[in-house]
Every structure is written in structure tokens, then in C-alpha cells.
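Worksheet: one structure, shown below.
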Amino acid sequence: MPESFYVTTPIYYVNASPHLGHAYTTIAADIMARHHRQRGEQVFFLTGTDEHGEPVADAAHAQGVEPQELADRNAERFKALAPRLGASNDFFIRTTDPEHMAKVREVLAKVHANGFVYEGIYEGMYCPRCADFKAENEIDKGNRCPIHHIELVKEKEENYFFALSKFQEPLEKLYAEHPSWVAPRTRYNEALSFVKGGLRDVPLTRRHLTWGVPVPWDEEHVFYVWFDALLNYYSALSYATPGSDLTAEFWPASCHVIAKDILRFHTVYWPALLLAAGLELPRKVFVHGYLLMEGEKMSKSLGNVLDPFAAIERFGADALRFYLLRDVSFGQDGSVSTAAFEQRYESELANDYGNLASRTLAMVARYREGKLPAAAAAGTAQTLDPALAEDFAGLAERVAELIDRVELTNALDEIWQRVRRLNRYVEEQAPWQLAKDPARADDLDRVLGTLMQGLRIVTVLLHPYLPASTERLLAALDAPVLTPIEPLFPRVEAAS
Ligand code: MSP
């Protein structure tokens with residue numbers, strides 16, 4: 001049985017259109033999905049939209065439309081973004097799917113039946129944009145939300161509560177026994193210190209809202225949107241493929257990829273909820289940083305948004321994927337800019353890699369009429385130049401190891417060092433000189449064979465990052481007679 005690998009993105013709020021921050025997480029998860037498929041594993045990659053709750057209901061009412069209408073409109077935009085990014089998701093979940101809603105009711109009824117739900121009165125400060133209650137130490141000056149800078153609302157209502165406090169010990173045990181279940185380490189420490197600070201029960205339902213999943217034991221309530229949303233990771237498997245239930249094959253999830261804004265929900269509430277329902281816990285939550293524009297987190301509500309559709313239009317999806325994973329160390333915050341994007345495109349994609357590919361194919365076409373002798377073409381150990389073979393030894397294993405740790409930028413860097421190594425090899429060997437001397441025909445075969453083989457290795461490893469251009473190049477490398485190709489990354493006109 002091949003191993004299975006299940007990776008998810010957060011499901012995005014449909015209160016506005018997608019922006020580069022959402023694209024970032026989807027791209028990263030896609031790189032993992034594609035890499036694991038290359039390893040021959042059974043992969044399930046899930047993304048989708050979070051459609052219930054106050055952020056969506058409020059945005060709809062502000063625009064004078066029903067929440068469903070706004071949800072339908074924006075869910076379409078998120079759904080369309082995935083393929084434009086080159087994302088290979090196996091399913092796109094919407095929390096308004098009736099199958100999801102039924103599953104939420106089923107799982108939370110179980111949590112209720114297991115004795116982890118009780119009635120109480122909640123009083124506290126609430127941010128409708130976060131759809132989250134704020135503890136005292138989370139409130140900014142002027143009673144404001146530290147994320148959205150809007151004034152918090154004092155809420156008092158009768159709710160059903162989820163007995164989070166009962167999971168104090170089980171969660172401490174989880175953190176002690178599985179030190180890499182939250183990564184990077186700083187995020188693990190942050191989540192653990194939240195747990196250690198003492199868990200308090202949290203509202204599970206909202207009474208006065210209607211835009212949500214109705215509570216099966218009291219239909220006057222809907223579930224608090226976060227519990228509805230988190231369960232997407234579990235519910236999707238039960239109906240993504242009509243006629244079959246993938247839960248047994250893919251649950252528990254291998255990795256939830258999120259940013260740090262939603263850390264607490266995924267690393268505290270979510271495992272507690274699963275324990276309460278008697279379900280297995282995900283293997284890992286990987287928490288990446290923020291893409292910053294002018295030093296602040298990009299966000300719909302702050303209005304400092306960079307449009308991923310426009311970037312793809314100009315440079316192509318592969319270039320965007322590459323830039324985001326290359327320029328910002330995955331796991332940390334980092335600034336992005338059009339200038340840095342254009343610089344990387346030109347110097348790395350067009351020059352380092354694109355030129356290497358064009359040059360190599362052009363030389364084989366020119367000096368060998370598109371065909372290398374069988375031994376050189378096969379790129380066997382004997383034909384691979386020992387000087388270069390050494391620099392390539394263990395590369396695939398190293399890349400796999402880094403991607404297993406979700407160090408996507410470091411993995412890309414390992415590959416890129418080999419791209420640069422191949423360029424140096426071309427300069428060192430100067431095949432154009434060898435071609436002038438018929439006595440050195442074997443040397444030329446060896447050099448061209450080595451280049452072809454090296455190019456193939458880096459191209460296969462780059463495939464998860466650059467799916468479209470590597471497919472084009474692999475098709476060219478596999479042709480019975482090699483011919484020059486159009487540039488993989490053509491010059492892009494300066495933005496007007
Ligand atoms: N709907 C919730 C998530 C529910 S998951 C069960 C939500 N939605 S969101 O639309 O606000 O998306 C938040 C996520 O979008 C972040 O966790 C991150 O994955 C991505 N990002 C949004 N802005 C981002 C940046 N500026 N930088 C990096 N990631 C960004 O929260």
C-alpha cells in the first residue's frame with residue numbers, strides 16, 4: 001500500500017476577494033502535495049472557503065445582499081484562483097455544502113453526547129472581524145482589536161459552551177509527546193505557552209445569529225463559526241469523491257498549513273475538539289509567517305492588498321510561486337515587492353535556469369544534431385562527470401527531508417545551488433571549445449550528457465515549484481530528437 005499524505009490550507013473567508021496572502025498558503029500546500037505525489041504517495045490536497053459567521057453576514061448586509069449571494073460570488077473567485085496558481089487541489093470545500101453541514105452536526109452532536117457541552121452565559125469583548133472573543137491581555141488601547149484596529153463589541157449571551165478546560169492535561173501531554181506537531185519551533189512554544197496559561201471553556205454556539213449550521217439539540221442556535229470551519233478538514237473526506245468515503249484512507253491529516261493569525265484555533269481548539277469527538281489528531285500544523293507590504297500584513301480589511309491575478313497575468317503562475325517561496329523564508333515574515341519580484345524573475349528564472357535549459361538543448365541540437373550517443377544520453381554513473389556527480393549526490397533525499405519538515409525555501413535553495421553548479425560546469429567545460437576539436441568528441445559527449453542529466457534532475461525536483469514550465473522542459477528533454485526551445489521565462493515588458 002502506498003503511503004497516504006493529506007495536506008490542507010485554511011478555508012478562506014468569503015467576505016472579500018482573494019489576495020496574495022491566500023495565494024501564498026495555497027501555493028505552499030500545493031508544492032507539498034505535488035512533491036508527495038512524485039514520491040508515489042496517495043495524496044489528497046484540500047482547500048476551500050469559510051462561508052458562515054459574522055464576518056460574512058456583516059459584509060453581505062453592508063453591501064445590501066443576502067449572505068448566500070455574497071458567499072456564492074466570492075467562493076467562485078477563490079475557486080477560480082486555485083487553478084490559476086497552478087494548484088492541484090483534489091477538492092474545493094465550501095462550508096455551505098449540505099454534506100459539510102450535516103457532518104458538522106453529526107460530529108458536534110457526538111461531542112455533546114460525550115459530555116463536553118454545557119449551557120452558560122458568556123460575557124466578554126468580541127471582534128466581529130476575527131469572529132473571536134478577546135481575553136483581557138489581547139485588547140489594544142481604546143478597547144480595540146489588535147489585528148483589525150476596530151472597536152470591540154461587548155457581548156453577553158446565553159450559549160452552549162465547549163468544555164475546553166477539560167483538555168488541559170491531554171493537550172499538555174500532546175505537546176510533550178509530539179514536539180514537532182506544531183512547527184516551526186517558535187510557534188510550538190507560543191501554542192504551548194497558551195495551553196500552559198490555563199485553558200478556559202469557550203462558546204460553542206451563538207444564539208442570535210442565523211447564518212450558520214443549526215445546532216441539532218437546540219435549533220435556536222447556530223454553531224460558532226470556528227467549530228464549523230475547523231471541521232471542514234474532516235468533513236471533506238466523506239463527500240469529496242461521490243460514492244466513496246475517503247476518511248479511512250486519509251484521516252488523520254498529515255499537515256495543516258496556516259499562518260500565525262489562526263494559530264490558537266488550530267493548535268488548541270482543534271485538537272481538543274477532535275479528542276472530544278473521539279477522533280484522531282492531525283500529524284502536524286505548520287505555521288508560516290506573513291507576507292508584508294510596506295511593513296504591514298496584507299489584509300482585506302487594511303486595504304493594502306496586492307492582486308495575485310495581476311501578477312500571474314504579467315509573469316505567469318510559476319514565477320509567482322517561485323518568487324514567494326524563494327524571497328520569503330517559509331515560516332518567517334517577509335516583505336514582498338514588485339521590484340524584488342522582477343529582479344528574481346530576471347536573474348534567477350530567466351538567466352540561471354531558463355538560459356541553462358535553452359543553452360543545453362541548443363548545444364545538443366547544434367553539435368550532435370539533437371541526439372546524444374545512447375550511453376551519454378542515459379546519463380549513467382559512468383557518463384556523469386565525477387566532479388559534478390559529487391555535488392549532486394544525495395540531493396533528492398536532502399530535498400525530501402527538507403520538504404518533510406516543511407522547509408520549502410531551504411529545499412528550493414538546495415536545488416537552486418545545483419542549477420548554479422550546472423551553469424558553472426558549462427563555463428568550466430566550455431563545450432563550444434570541445435566542439436572545435438574532433439579528437440575530443442568523447443569529451444563533448446560526456447559534457448553534454450552530464451548537462452542533460454543534471455538538467456533533468458533539477459527539473460524533476462523543481463516540478464512542485466514550477467509545474468508548468470518544468471512540464472514543458474521535460475517534454476522537450478524526452479523528445480527523440482532534441483530541438484531548441486522558446487525561452488521558459490521570456491522577457492516581460494516593464495509595467496507602465
Ligand atoms: N476562515 C478562517 C480560516 C478557517 S480555517 C479552518 C480565516 N480566513 S482568512 O481568509 O482570513 O484566511 C487566513 C489565512 O490566509 C492565513 O492563515 C494565511 O493562510 C492566509 N493569509 C492571509 N493573509 C496573509 C498574509 N498577509 N501573509 C501570509 N498569509 C496570509 O482566517
Check your understanding: Expressed in nm to one decimal, what extension gain is obtained for the pair Ala374 and Val460 from 0.36 nm per residue of sequence separation less their Cα-Cα distance?
Key -> 28.9 nm
Practice item. Given a cut-off of 30 Å, name the pairs among Lys166/Lys284; Lys79/Lys156; Lys141/Lys284; Lys141/Lys166; Lys103/Lys134; Lys141/Lys173 whose C-alpha atoms lie farther apart than that in the structure shown. Key: Lys79/Lys156; Lys141/Lys284; Lys141/Lys166; Lys141/Lys173
Exercise for review: First compute the accessible area of region 345-496 with a 1.4 Å probe, then give the percent of it belonging to carbon and sulfur atoms.
Suggested key: 51 percent
Check your understanding: So how long is each side of the chain along the principal axes, counting just the alpha-carbon atoms, biggest first, in Å?
Key -> 90, 53, 42
**Study point:** Surface accessible to a 1.4 Å probe, per residue, for the residues of the chain, Å²
**Key:** 42 Å²
Practice item. May I ask you to evaluate 6.51 cos²θ - 1.76 cosθ + 1.60, the Karplus curve with θ = phi - 60°, for each residue of region 472-483 and list the ³J(HN,Hα) values in order in whole Hz, giving x for glycine and proline? Key: 4, 5, 4, 4, 5, 5, 8, 5, x, 10, 7, 10
**Study point:** Cα-based shape type of region 99-234, given that a ≥ b ≥ c are square roots of the gyration tensor eigenvalues and the cut on a/c is 1.5
**Key:** oblate
Study note, to complete from the structure: At the level of C-alpha centres, the distance separating region 128-153 and region 26-57, in angstrom, is 29 Å
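If you stretched the chain out fully between Asp261 and Glu486, how much longer would it get, using 0.36 nm times the residue separation minus the C-alpha to C-alpha distance?
On the way: separation 225, 0.36 × 225 = 81.00 nm, distance 4.25 nm.
Going from the current span to full extension adds 76.8 nm.
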**Study point:** Value of [θ]222 nm, deg cm²/dmol, for the chain, DSSP H segments ≥ 4, -39500 (n - 2.57) each, nearest 500
**Key:** -14000 deg cm²/dmol
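What order do you get for 21-34, 425-438 when each peptide is scored by the mean count of other beta carbon atoms within 10 Å, highest first? Walk me through the numbers before you get to the answer.
On the way: 21-34: 24.1, 425-438: 14.1.
Packing order, densest peptide first, comes out as 21-34, 425-438.
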Point to revise | Per-residue HN-Hα couplings for region 103-114 [Karplus 6.51, -1.76, 1.60; θ = phi - 60°; Hz; x = Gly/Pro] | key: 5, 4, 4, 5, 5, 6, 5, 5, 4, 5, 4, 7
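Highest mean first, what order results for 274-283, 53-62 on Cβ atoms within 10 Å? Write down the numbers at each step before the final one.
Details: 274-283: 17.5, 53-62: 20.1.
In descending order of packing, they fall as 53-62, 274-283.
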Point to revise | Hz values of 3J(HN,Hα) by residue in region 30-41 - Karplus curve (6.51, -1.76, 1.60), Gly and Pro given as x | key: 5, 4, 5, 4, 5, 4, 5, 5, 4, 7, x, 7
Revision key, fill the gap. Reported to the nearest 10 Å², Ile11 has, with a 1.4 Å probe, an accessible area equal to 20 Å²
Point to revise | Amide H partners (placed H, <5 Å) of Val285, local residues excluded | key: Val182, Ala183, His256
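The values are calculated or read from the model by the stated rules, or taken from the named source; none is laboratory data. Computed from a predicted structure; not experimentally measured. Every residue, glycine as well, gets a Cβ built from its backbone with ideal geometry; the counts of neighbours run over all protein chains shown. Just the protein is used for accessible areas: all its heavy atoms, side chains included, with ligands, DNA and RNA removed. Shrake-Rupley method; radii C 1.70, N 1.55, O 1.52, S 1.80 Å.
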